[in-house]
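Below you'll find the structure, written out as structure tokens, and then a few comments.
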């Protein structure tokens, strides 16, 4: 590790080696060479004077890139693509004259960007499906465990721990839908020349329109894509980057919401993220167990959501067939958005896999608030015992205010049941009232909703992507 210059924490602390390789120079330059081979093969198949011997020579040196030659050449000519064309030509003297024939720099640059982003999107999908799988197991395990629900972070009608997890899961499922759509619509730029008109190929193929029409589809198939964008300037539309980063921002937003809920629940001591045996929560307060990983999810997620503005602004400000003010921004915003989301999903996997639930704390808090939640049922029981509904409603309101005062002002326990039992208008004993305090009576259809959601929505997703399951996150810090 270098200690005398800046190193991105996305590489050192957060992103996986797999995602880092996708955006590595080695991956980029190897893809350039695959694209040059695909172009040469296509031109040969369409009738240009290119030999199989030249193609074989290019393939023989596809992966052994002479970086030292390319680097030295770039110092002279200040052009990365032409430097690598030169370096490749040094290794392939017979094919030297046909490398990059008819193409412009964006042929390798932009097509590689699409290939790399598509591969990275598929890795994101793999990890996202595994997060959904972990949440599905958690939701199923705790589908019937009653817990206090909150609206405005104020006590509300109870739900279950598992039902709450389905709310997190559903957002990730929506992200998966968006992700699949973007992956399914990714196309290559193809080889369209300096302003997208394919003028160089018109010259190379003596104006044979039908032959030129075959170039892009043939290159696409060789590179594993179904088609190329039908029209372009020199580059593919930068709106593609916008669509990609927006999907990443959506995943980040879902992860942020889940991490916020977990942080709040950890404050309440109801749920706790994993905490290693030797982990230190605070340098000053040795007893602390801070939700550091959930906080890191939130922190990285905010970065990704803001990062999505970069390609949107870049797309909006491109001039005519191309300007180069996109390049430096793309080099930062696209890879770092992916590296951050990769780190976020690894953290989500780790946190959900090791979530600890404290049923006794959950039960205690729920029961402290349950008398307020149960007032409607109590009132109905009192009416059955001969009471007047309107009078009872007013008495419950008054007694609830008194019980609330006892909790908030006096710091006492919730004594609403005792107050109701002591009021002759209700004609109910304390024993009768306590029988109504079974939490499962107040969670509605939470359990059934979890089962239905898992059965109809989540399990089909997990079945479709079963070959992607089994990812275990490696957390560096």
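Derivation of every value follows stated rules applied to the coordinates shown; laboratory data play no part. For clarity, every value in this text was computed on a predicted model and none was experimentally measured. Here the Cβ is made from the backbone with ideal geometry for all residues, glycine too, and neighbour counts use every protein chain on show.
In the chain, Cα pairs under 8 Å separated by at least six residues give a relative contact order of 19 percent. Most tightly packed first, judged by the mean number of other beta-carbon atoms within 10 Å of their residues, the peptides 336-344, 379-387 read 336-344, 379-387. Shown is the FRET efficiency for residue 203 and residue 303, computed with R0 = 56 Å from the Cβ-Cβ distance and rounded to the nearest 0.05: 0.75.
The percentage of C-alpha pairs in the chain whose separation is greater than 27 Å is 66%. Taking the chain as the reference, fit the longest principal axis to its C-alpha atoms, fit the long axis of helix 105-141 to the helix C-alpha atoms, and give the angle between the two in degrees, 0 to 90, nearest 10. Value to nearest ten degrees: 20. Round to the nearest 0.05 the FRET efficiency obtained for residue 90 and residue 313 when R0 = 41 Å and r is the Cβ-Cβ distance. E between residue 90 and residue 313, to the nearest 0.05, is 0.55.
The range 325-365 and the range 448-477 have their alpha-carbon centroids 16 Å apart. Listed peptides 62-69, 128-135 appear in the order 128-135, 62-69 once ranked by packing, highest mean of other Cβ atoms within 10 Å at the front.
Compute the helix-to-body angle for 67-77: its Cα long axis versus the longest principal axis of the chain, expressed 0 to 90° and rounded to tens. The two axes meet at around 70 degrees.
Diffusion coefficient (Stokes-Einstein, Kirkwood radius over C-alpha pairs, 4 °C, 1.567 mPa s) for the range 375-436: 111 µm²/s, rounded to a whole number. Structural descriptor for the range 375-436: relative contact order 35 percent, calculated from alpha carbon pairs under 8 angstrom and at least 6 residues apart. If you model the range 23-98 as an ellipsoid using its alpha carbon gyration tensor, with each semi-axis the square root of five times an eigenvalue, the axes come out at 22, 13, 11 Å, biggest first. The long axis of helix 359-373 is offset from the longest Cα principal axis of the chain by roughly 60 degrees. In the range 7-166, Rg over Rh equals 1.28, where Rg is the alpha-carbon radius of gyration and Rh the Kirkwood radius from pairwise Cα distances. Sorting the segments 101-111, 457-467 by their mean number of nearby beta carbons within 10 angstrom, highest to lowest, gives 101-111, 457-467.
Mean residue ellipticity at 222 nm, helices only, the chain: -19500 deg cm²/dmol; runs of at least 4 DSSP H residues each add -39,500 (n - 2.57), and the sum is divided by the number of residues. Taking 35 Å as R0, compute the FRET efficiency from the Cβ-Cβ separation of residue 61 and residue 18 and round it to 0.05. The formula returns an efficiency of 0.85 here. Residues 244, 356, ranked from the fewest to the most other C-beta atoms within 10 Å, line up as 356, 244.
Structural descriptor for the range 23-98: relative contact order 29 percent, calculated from alpha carbon pairs under 8 angstrom and at least 6 residues apart. Listed by Cβ neighbour count within 10 Å, with the fewest neighbours leading, 79, 267 appear as 267, 79.
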